[in-house]
1. Is one or more of the residues making up region B:289-308 closer than 25 Å to B:Gly254 by Cα and within 14 Å of chain A (Cβ to nearest Cβ)?
2. Could you name every one of the strands (runs of 3 or more DSSP E) located completely within region B:109-196 that has at least 2 residues being β-branched (Val, Ile, Thr)?
3. The conditions are (1) in contact with a strand residue (DSSP E or B) (Cβ under 8 Å, 6 or more places away or on another chain); (2) modelled with pLDDT of 90 or more, and B:Thr29 fails exactly one of them. Which is it?
4. Hey, could you check region B:395-415 for residues that are acidic (Asp, Glu) and assigned to a strand (DSSP E or B) and say which is nearest to B:Met438 (Cα to Cα)?
5. Surrounded by fewer than 24 Cβ atoms within 10 Å (Cβ to Cβ) and either among the β-branched types (Val, Ile, Thr) or under 14 Å from B:Val57 (Cβ atoms) (or both): does that describe B:Val136?
6. Which residues, counting only those in region B:561-620, are crowded, with 16+ Cβ neighbours inside 10 Å, more than 36 Å from the chain's Cα centre (by Cα) and in contact (Cβ under 8 Å) with a residue 12 or more places away in the chain?
7. Spot the failing condition for B:Gln435; the list is (1) surrounded by 15 or more Cβ atoms within 10 Å (Cβ to Cβ); (2) under 16 Å from B:Leu399 (Cα atoms); (3) of a type outside the set (Phe, Trp, Tyr), and only one is missed.
8. Grab the helices (runs of 4 or more DSSP H) fully contained in region A:1-108, keeping just those with 1 or more residues being in contact with a strand residue (DSSP E or B) (Cβ under 6 Å, 6 or more places away or on another chain), of a type outside the set (Val, Ile, Thr) and without any contact (Cβ under 8 Å) to a residue 40 or more places away in the chain.
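The values are calculated or read from the model by the stated rules, or taken from the named source; none is laboratory data. It should be emphasised that the depicted structure is a prediction, and the values quoted were computed from it without experimental measurement. As a convention, Cβ positions derive from the backbone with ideal geometry for all residues, glycine included, and neighbour counts pool all protein chains shown.
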Amino acid sequence: MLDTGSLSERYRELQKVVHPDRFASASEQEQRVALQQSIMVNEAFEVLRDPLKRAIYMLELKGVKMNQDTATTSDGVFLMQQMELREALAEVPQQSDPLAKLDELMTEISVLIKTQIAQLAIQLEESTPDQLNAASESVSKMQFLNKLHSEAEMVEADLEEMA
Amino acid sequence: MALLQIAEPGEATAPHQHKLAAGIDLGTTNSLVASVRSGEAATLPDEAGMHILPSVVRYTESGVVVGAMASEVAAEDPLNTIASAKRLIGRAVGDVKMLGEQLPYHFVDSESAVPRIKTVTGDVSAVEVSAEILKVLAGRATRTLGDELSGVVITVPAYFDDAQRQATKDAAKLAGLNVFRLLNEPTAAAVAYGLDHDADGIHAIYDLGGGTFDISILRLNQGVFEVMSTGGDSALGGDDFDRAVAQWAMDESGMAVDADRGVLRSLLGQARAAKEALAENEKVNMQLTLPDGTGWQAELTREIFHSLVDPLIRKTVTACRRALRDAGVAIEEVKDVVMVGGSTRMLRVREKVGEFFATEPLVNIDPDRVVAIGAAIQADVLAGNKTEGDMLLLDVNPLSLGIETMGGLVEKIIPRNTTIPVARAQEFTTYKDGQTAMAVHVLQGERELVADCRSLARFELRGFPPMVAGAARIRVTFSVDADGLLHVMAEETSTGKKASVEVKPSYGLTDNEIAGMLKSSIEHANEDMVSRLLAEQRVDASRVIEALTAALAADAEELLTVDERAIVDAALNNLQRVAEQSDDADSVKAEIAALEKACEFYVERRMNVGIRNAMAGHTVDEFE
């Protein structure tokens, strides 16, 4: 289990050691080393705290390379569900209480994302070839869902701007 | 050599002198300088007891005048009296045309991409004007504190783009200051409050100045300030509130929009006074002499005032909502909201912001001074005066950075609100057979189209071998340092023959132009530069020697072989000898560099030990 609290704490401890601010009056060379180290720590934290990036990274460690940009899945049921969600999102502005409807939709998407995360946890834990295949499928689905969620956020921003 | 000073827990580092450092709030309207003395951060007054320095510079035949004495005569000598230089800094000539009418200066048509203003003593840029303000503030600090400053922290709006940051840093260079760090204004305010309250949790910093609005959401955890998101509007501030009131008066009185400049200016002044008076009174009287000579007067009640300004406040609240979303934080999680900037004196602003965050806004520290105070605290830490070393600021880049791709679109490489320092790479390829060069256009902004983003730099990567279309691998790496400044590198990676190019975006002033300005300002200075430089290098040398000696005593046996130790010792002895005997600053400097080079491996080894100690016992296998 990844303890996000302890991850953040480790991150802060590491930055306290390597951050360029610790070397503000040090030599240029030390500042350069500190900058590189601090960038690396930020990168690591960014990957580890985000479930999707973490999963892609862990799959990579196990020899499964994911394409970051083009997600694909052949799961018909999932794709159908995606289409329905997208239609619902497109219709949000015409609803009588668009913000409430949107909130409902975003909650639904979040639940689906959480389900994928839970499945990924099991798949990566087992790590058999079959499970790793299933894991890369889960990652693809999460990419779909994340994209949908950020589109919903944009709709929300537009609605709020108009309000 | 701070790296060499990493101490084992419970082990004291070598004692060192308290170094003088200052925080400078370089504002659009007013500027301040603050410093930490005997553990207490406070703004420093001038000889007349004034803390606030109006950000106004007047160029006269007999010299440069900065501050109140310049602003008092602004109306009489408008062409030689430059105010609001911050609105011009880092801006190109084209941007300034957009500001247009509002600036009464005589801009020079020149070769330089940077707008230059004609004055009686020659043409000046916003960088030089800002440098004059910085010099006055630094001089005030030196006088008050009794010695040279080892370095300063200068604040900038969180929303400043790369060009504006670079230009601010150049202004400091021109003023002869060593800049420890550029610090975002809201983050500085958080530091001032955070240390005061010692409150862990999530805080919102609402910063409404004269011309800009910034909102930052940050988390404070055991001395670490982690900015989660930042947002705002670089063209929304107290001035817009004055304009709304003035517009109302014009509508009511039937005054024409193209009325005399003087009448409009006095109207704006009245509008500002009315706005301020409404903090105390339920209503104020406004009186005007119309261009046709007749008089007009009316009562401005709080109710009317609210109806005028509420749309503006709503815009800031929308930005707050967006910042919360970017941070992934719910309103209930925000512990408190800190008010910064003179415009947060308006009761209506406090009321509406308090309503939105469902908490009473914090106004304990003077909103005009809080930024300078925070900067002073950070400067003190960066100078190395706080040995417990617990405070750390982790800031973000405020605007997305990307490059132009086919069809005039922007591909984002580093999205906004990414924690800095950061480096990200993206691969691109060629689209024509035999292509041996590729143009890279660096942009900053949130919009999709190149035309809607700010262009930071254009450069070309040349001389990679011809290949079929799509075979070349051009890797473009963006890195943003702790000041929020961008460096870009491009290289072709598919072949052994490496072609690479590295650029630092420039807002128009080249390094040569800066060097030229610096040289002429040094020539004008009366002090004996030679002896001062030597003294500085000697101080540096003894600092390095002291740090290295302490480090060697602590862990040389563990980390160095006998041979390695001999190399380090030889370089150390060399520096010691040269620093004592030579009276040439450059040779001392060269010896310091030589020592640092000789110790490179040792420094990295110590850093790695530091990281290993902090990292023991966790693996990436801990998926949820």
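1. Taking region B:289-308 first, the residues closer than 25 Å to B:Gly254 by Cα are B:289-308.
Remaining after also requiring within 14 Å of chain A (Cβ to nearest Cβ): none.
Taking every residue of region B:289-308 in turn, none turns out to be closer than 25 Å to B:Gly254 by Cα and within 14 Å of chain A (Cβ to nearest Cβ).
2. Numbers: elements: B:116-119, B:122-125, B:151-156, B:179-184.
Those strands (runs of 3 or more DSSP E) span B:116-119, B:151-156.
3. Result: B:Thr29 passes all but (2).
4. At the first step, the residues of region B:395-415 found to be acidic (Asp, Glu) are B:395, B:404, B:411.
Adding the requirement that they be assigned to a strand (DSSP E or B) leaves B:404, B:411.
Working: B:Glu404: 12, B:Glu411: 16 Å.
Looking at residues that are acidic (Asp, Glu) and assigned to a strand (DSSP E or B), I get B:Glu404.
5. In short, yes.
6. Passing the criteria: B:Glu564, B:Val568, B:Ala571, B:Leu572, B:Gln576, B:Val578.
7. Going through the list (1) surrounded by 15 or more Cβ atoms within 10 Å (Cβ to Cβ); (2) under 16 Å from B:Leu399 (Cα atoms); (3) of a type outside the set (Phe, Trp, Tyr), B:Gln435 breaks only (2).
8. Details: elements: A:4-18, A:28-49, A:51-61, A:76-91.
Answer list for region A:1-108: A:4-18, A:28-49.
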